[in-house]
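The values are calculated or read from the model by the stated rules, or taken from the named source; none is laboratory data. What you see is a predicted model; the values in this text were computed from it and never measured. Reconstructed Cβ throughout: ideal geometry from the backbone, glycine too, with neighbour counts over all protein chains shown. Quick note on the areas: whole protein, heavy atoms, side chains included, nothing else; ligands and nucleic acids left out. Shrake-Rupley method; radii C 1.70, N 1.55, O 1.52, S 1.80 Å.
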Protein chains: 6
Amino acid sequence: MAFDVLAFAAHPDDLDVAMGGTAAKLVRAGLRVLFVDLTDGEPARYGPPHARRDQALCAARQLGVERVVLDGQDRLLIDSVPARMAVARLIRLHRPRIVFGTEGSGVHPDHQALTDIVVNGVFYARLPNWDRVEAGAALEGTESHEIERLFFARCRMERAWTQFDFAVDVSDEYPRKLAAIAAYESVFQHDQANLVDRYRAEDQYVGSLVGVPFAEPFRARSPLLVEAPTVLNRVAFG
Amino acid sequence: MAFDVLAFAAHPDDLDVAMGGTAAKLVRAGLRVLFVDLTDGEPARYGPPHARRDQALCAARQLGVERVVLDGQDRLLIDSVPARMAVARLIRLHRPRIVFGTEGSGVHPDHQALTDIVVNGVFYARLPNWDRVEAGAALEGTESHEIERLFFARCRMERAWTQFDFAVDVSDEYPRKLAAIAAYESVFQHDQANLVDRYRAEDQYVGSLVGVPFAEPFRARSPLLVEAPTVLNRVAFG
Amino acid sequence: MAFDVLAFAAHPDDLDVAMGGTAAKLVRAGLRVLFVDLTDGEPARYGPPHARRDQALCAARQLGVERVVLDGQDRLLIDSVPARMAVARLIRLHRPRIVFGTEGSGVHPDHQALTDIVVNGVFYARLPNWDRVEAGAALEGTESHEIERLFFARCRMERAWTQFDFAVDVSDEYPRKLAAIAAYESVFQHDQANLVDRYRAEDQYVGSLVGVPFAEPFRARSPLLVEAPTVLNRVAFG
Amino acid sequence: MAFDVLAFAAHPDDLDVAMGGTAAKLVRAGLRVLFVDLTDGEPARYGPPHARRDQALCAARQLGVERVVLDGQDRLLIDSVPARMAVARLIRLHRPRIVFGTEGSGVHPDHQALTDIVVNGVFYARLPNWDRVEAGAALEGTESHEIERLFFARCRMERAWTQFDFAVDVSDEYPRKLAAIAAYESVFQHDQANLVDRYRAEDQYVGSLVGVPFAEPFRARSPLLVEAPTVLNRVAFG
Amino acid sequence: MAFDVLAFAAHPDDLDVAMGGTAAKLVRAGLRVLFVDLTDGEPARYGPPHARRDQALCAARQLGVERVVLDGQDRLLIDSVPARMAVARLIRLHRPRIVFGTEGSGVHPDHQALTDIVVNGVFYARLPNWDRVEAGAALEGTESHEIERLFFARCRMERAWTQFDFAVDVSDEYPRKLAAIAAYESVFQHDQANLVDRYRAEDQYVGSLVGVPFAEPFRARSPLLVEAPTVLNRVAFG
Amino acid sequence: MAFDVLAFAAHPDDLDVAMGGTAAKLVRAGLRVLFVDLTDGEPARYGPPHARRDQALCAARQLGVERVVLDGQDRLLIDSVPARMAVARLIRLHRPRIVFGTEGSGVHPDHQALTDIVVNGVFYARLPNWDRVEAGAALEGTESHEIERLFFARCRMERAWTQFDFAVDVSDEYPRKLAAIAAYESVFQHDQANLVDRYRAEDQYVGSLVGVPFAEPFRARSPLLVEAPTVLNRVAFG
């Protein structure tokens, strides 16, 4: 099945927190969006085993996206050829125009690994002639696919970004984002650190930098290309 | 008279070289664009006095923009209250949505001054109650105006930028940009440094970074805000 | 009269918003703190002329600091010898251990000027033998004074900082900071941009980076020197 | 046995050179400090096999720290799950408040690996429920432990840092640091590159940046949080 | 056989494009230069299998360098001990004064791996006593060798560099560089992206930054040391 | 009289400390070097008025350079048209190939001003047709001159540099540099801050980064251009 957008993250709730508003906005604009979590986030700190997988599906419904949870092992994710192939295979099957990953490192090793796996999986997806390489068996039956754009949302648990490349106004979608996050009951019900409040404060802070109530920040690997500067929206102080 | 876009530079030919393609593209899209040169570029290295002013008007016609040349003194431009007021006054009179300046420093002092003057002139333009400040007399008869976006094109004579915020594909407009530059006969006819070739190579290099034949790079002071990531065009490697 | 801390800003409300919590915390710790606004912020966008000066004094009382408003002209502040001397004179008279300024530029020209004036005023304050320089007459009757540390709070209206050097937990003082900001009725009562909400979101965001409810960020010009790493508090993820 | 501080490095002498003064200062302040070398530094350039292990213990005595040398292989250190587990296990057993590693890369591959292993080991140490993951067997019999702060000392053999987050005045402890370094006879007796002189010059240079005779520089992964700016010491020019 | 210069890259054509002009210049100056490609670039996008190896040898002849193609697998290059050893072994055998690698990442995973392999291989080459480590068997029969300088050329397919450390004027060698690139017929004959034009534009752009027709940019890991500033050539604006 | 090198600084002793070794090396290589101090450093902290001018001449003799002290006012230096003209006039008269200035800011306002004055003075020197501008009278009787290279030495009193562009080995000239510094008796005899020791530690630290006993760091405004990488000397770790 074809999707316009594929978004990859290490754990259920990473994407919802990092770019739930943007995903909901893309869905509302008529795009088909698939969230891919490379692990099921187990063993989780709280809650019964595997609760998070169900919550992730529930969160996806709030945002209007499809979701698939792969069988990577939380805590042990590494950038390896099989991991790259898993990402490449999904890209070749679903043939998206835009791919998202999460970016940020320094705390959880899975997060750095995820970024590398996505960058490399995107590259593997576009290469032809994998049938001439042994490791290419993992892509059997698929055809090479070149995406249009690769963007990264900020993985919130990690160090603050020094800068971002663009922000998306998600004010209208904010209730839906909060509803998606609320689906992760086992993660946030014991939340002594007030994580949800903090995520909200960050979205509001990024919003304040561009003059809207709530915004989500993104980075790109290649420079941004616009048809004309007029596609860039009004911001706080020009 | 209202303009959609005002662009400021220190010398005739600065804007043509830095963003001639983008200006032509905006004009083609139906926007009204005014180029403002703060000096007439005299005394020039070559050519009869004041030749450059006529050439600037000729170049403007190639691009489809209007142009005005102010009476600042080339070489001696500084960020002063009167200079800021001159910019603010034009913004209040023409009430643009977008303002452009040039950015880049380290070689010609006028270029650093120009950037400061534009940033500060934009701010002065939006402030009310200038009638209560003596220096505000320069704005008499005008009303405060807040622009939507402020962008900076790369002043080509200056040090290379370490990064830019976005690029505009100007491949279709490139012949018009070259024609505008060619209008500055007195500047480029003795061009032992092959300046025009170099400007072209830079536009082609920036293009190569985003996968198009020719592109012009821009910086913003505030973060970029987009309605959705889909407004960002396809680039070379995602 | 001696103060332990002098803090300088361009306009009333700049310091309250940028470091009101830290100021209140220093006062609670028994230090004597003086806020110095180089202008009275007039002509203001809203409210009767000079309302802001009274509001500034009221805000100071909320924080427990003393306050003086100098007669610089809002909008026209520049780094000049007389401005540096005004700062130096106050430092020599009040002989603080710590000086604060605000940092941030790109929007309001007064803010860049303020940073330069404070850096240079601090340096002028420590120099001896001003009686041998004509401009030194402004310091007559004062003795040179060398402060211990110079810090900068983030001027909130300006571009986001890429990084800061340290943060201060102001959670306990937050109600007092909000009360001080609320004193600026003429500024915030017509606040269609929800400025107070945004300031609060930023303090909460900075707090989230270090694991506390609210924090204010600071920069230094010299590297930080600590007696031992144990003086640095616990943060979110080590 | 509980330690207040655990410090990890790739090779004996790395910690002594990078943060010997700070370690001695923490010991003098009554904290219990454990140095952990992940390899014994063999095969060494000079000296009989295993001489360095004995020298490391001797150096530890000079500083007043405890020391353990693990059985990693010098030159072949990589960031792997078992290496992370070895660090996590020691953190869970000794339950320190502060952990130090060394940072710096570009010359010796062990040094980059060490930094990653420490960051990831610290994270593994705090996670619960390792009994549900096969690799978690390495942590059997230990309980999760969350440290308060993670700092990095500069690995001297590597490229210069562009900046550091804070420095510690180690002037009073300097003789002890030199004595500890001197314990590595086999490393420095053939020292044609005058390494000890160079280390001393760097400590003196960092000291000159903050106005003390000798200082050691550190970096953190999270922003610094202070109770108040008054905990930051006087420096050279404020 | 001794070489003055060894240059390593992941794929045939990487070195020719990144530093073909500089290599030709070094050859003309009488130095012996060896290009080492860690893979044969197969499976290639176009052309019969193994065509690229022959083209690489042909390109080498154009530049006047020797060339060897190792048996690494394109797409699957990783920084591993055996890969480091392969580089170290060649360095020990050929005993160069200068080593080059390519630098740049974010698109093709082989390129990041190559940079790491070269840095680490250079380090392994200089270490003595590998006979005491099992993995050291790969270096049997060789003696340790310490190079004088390590430089990196820009891998053109990757993200733009924010800055470079020095450029080499390759204007006189440019025809030879173009001839070498032209040897890769199977790569460039179907070149819908006009890669050769883009490479040329980048060399011309870098040249424009230093005031010559064509230049190639380089980075170093250690700071540059010059006998005197007079060895640095005249550039565009000083 | 023609000089090969002109070096500008704000105060006597700035150049001696920042680049005394490099200056002595250039002199030894047969180049004619002129030091220009824009002020006489008065009123000085210690010593009788004007002592420093004599000391500066004495220091110049130690280094083998010529020296001239202009009549700018210490503490009040600003980047103005007359200041730029003073620099431009000297450049046009002495027609150097290389110009040096000092760089560094954040403490003494004269140091930032000096950098700007030199950059702008170099540019003014190369412009023709000053007779058509009123301010150009200051250059009467001189002819335009374009230098080959502009470099900046590190002003030691200012904040540490995050990086430098190249270093010069001044080990052989170090005794001469120390002798030149020693000439400033009134500055250093009351030196409670052990300034000379600190300067020496910094030169030794920079030396340690490139593998020589003492080195001085420099920055350039334009990228470095070398005839070939072989002009770059061997450094510590390649």
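For (1) in a helix (DSSP H, G or I); (2) modelled with pLDDT under 95; (3) surrounded by fewer than 21 Cβ atoms within 10 Å (Cβ to Cβ), each residue gets a yes or a no:
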site: F:GLY141; (1), (2), (3): no, no, yes
site: F:GLU146; (1), (2), (3): no, no, yes
site: F:ALA153; (1), (2), (3): no, no, no
site: F:THR162; (1), (2), (3): no, yes, yes
site: F:ASP172; (1), (2), (3): no, no, yes
site: F:ALA179; (1), (2), (3): yes, no, yes
site: F:ASP197; (1), (2), (3): yes, yes, yes
site: F:GLY238; (1), (2), (3): no, yes, no
task: Taking the residues in region F:217-238 that are at the interface with chain E (Cβ under 7 Å from one of its Cβ atoms) and charged (D, E, K, R) as candidates, determine which candidate is farthest from E:PHE100 (Cα to Cα).
output: F:ARG221
query: Limited to region E:50-64, what total is found for residues that are open to solvent by 50 Å² or more (accessible area, probe 1.4 Å) and polar (S, T, N, Q)?
result: 1
task: Considering every residue within region F:174-194, establish whether at least one is touching a residue at least 12 places away in the same chain (Cβ under 8 Å) and within 11 Å of chain E (Cβ to nearest Cβ).
output: no
- prompt: Inside region C:199-216, can you point out the residues that are crowded, with 21+ Cβ neighbours inside 10 Å, facing chain D (nearest Cβ under 8 Å) and either within 24 Å of D:ARG95 (Cβ to Cβ) or among the polar types (S, T, N, Q) (or both)?
  reply: C:VAL210, C:VAL212
- prompt: For B:ILE117, are the conditions met, namely being among the aliphatic types (A, V, I, L, M), away from chain F (no Cβ under 14 Å) and more than 12 Å from the chain's Cα centre (by Cα)?
  reply: yes
message: For region C:41-58, give me each residue that is small (Gly, Ala, Ser) and more than 9 Å from chain B (Cβ to nearest Cβ).
response: C:GLY41, C:GLY47, C:ALA51, C:ALA56
task: Report whether or not F:ARG45 is part of a helix (DSSP H, G or I), closer than 24 Å to C:LEU127 by Cα and open to solvent by 10 Å² or more (accessible area, probe 1.4 Å).
output: no
- prompt: For the subset of region C:4-39 comprising residues that are in contact with an Asp or Glu (Cβ under 7 Å, 6 or more places away or on another chain) and part of a loop (DSSP other than H, G, I, E, B), which member is surrounded by the fewest Cβ atoms within 10 Å (Cβ to Cβ)?
  reply: C:ARG32
message: Is it the case, given these coordinates, that A:ARG154 is more than 11 Å from chain B (Cβ to nearest Cβ), over 30 Å from A:ARG126 (Cα atoms) and in contact with a helix residue (DSSP H, G or I) (Cβ under 8 Å, 6 or more places away or on another chain)?
response: no
- line: Just one listed residue, out of A:ARG84, A:ARG67, is under 22 Å from E:LEU76 (Cβ atoms) and open to solvent by less than 40 Å² (accessible area, probe 1.4 Å), and it is A:ARG84
message: I'd like to check something: does region B:103-112 contain any residue that is within 14 Å of chain C (Cβ to nearest Cβ) and within 14 Å of the chain's Cα centre (by Cα)?
response: yes
query: So which residues in region A:18-40 are within 14 Å of the chain's Cα centre (by Cα), within 13 Å of another protein chain (Cβ to nearest Cβ), under 18 Å from A:ARG95 (Cβ atoms) and in contact (Cβ under 8 Å) with a residue 24 or more places away in the chain?
result: A:VAL33
Check on A:VAL122, at the interface with another protein chain (Cβ under 7 Å from one of its Cβ atoms), crowded, with 20+ Cβ neighbours inside 10 Å, without any contact (Cβ under 8 Å) to a residue 60 or more places away in the chain and among the β-branched types (Val, Ile, Thr): yes
message: Name the single residue that is surrounded by the fewest Cβ atoms within 10 Å (Cβ to Cβ) among those in region F:217-229 being touching a Leu at 6+ places or on another chain (Cβ under 7 Å) and without any contact (Cβ under 8 Å) to a residue 24 or more places away in the chain.
response: F:ALA228
query: Got a number for residues in region E:21-53 being in contact with a strand residue (DSSP E or B) (Cβ under 6 Å, 6 or more places away or on another chain) and on the phi > 0 side of the Ramachandran plot?
result: 0
- request: Those residues that are assigned to a helix (DSSP H, G or I), hydroxyl-bearing (Ser, Thr, Tyr) and in contact with a helix residue (DSSP H, G or I) (Cβ under 7 Å, 6 or more places away or on another chain), I need them from region D:89-134; list them, please.
  value: D:TYR124
Subset of region F:181-195 (residues that are open to solvent by less than 30 Å² (accessible area, probe 1.4 Å) and within 19 Å of the chain's Cα centre (by Cα)): F:ILE181, F:ALA183, F:TYR184
message: With the structure loaded, tell me whether B:ARG97 is among the basic types (Lys, Arg) and modelled with pLDDT under 95 or whether it fails that test.
response: no
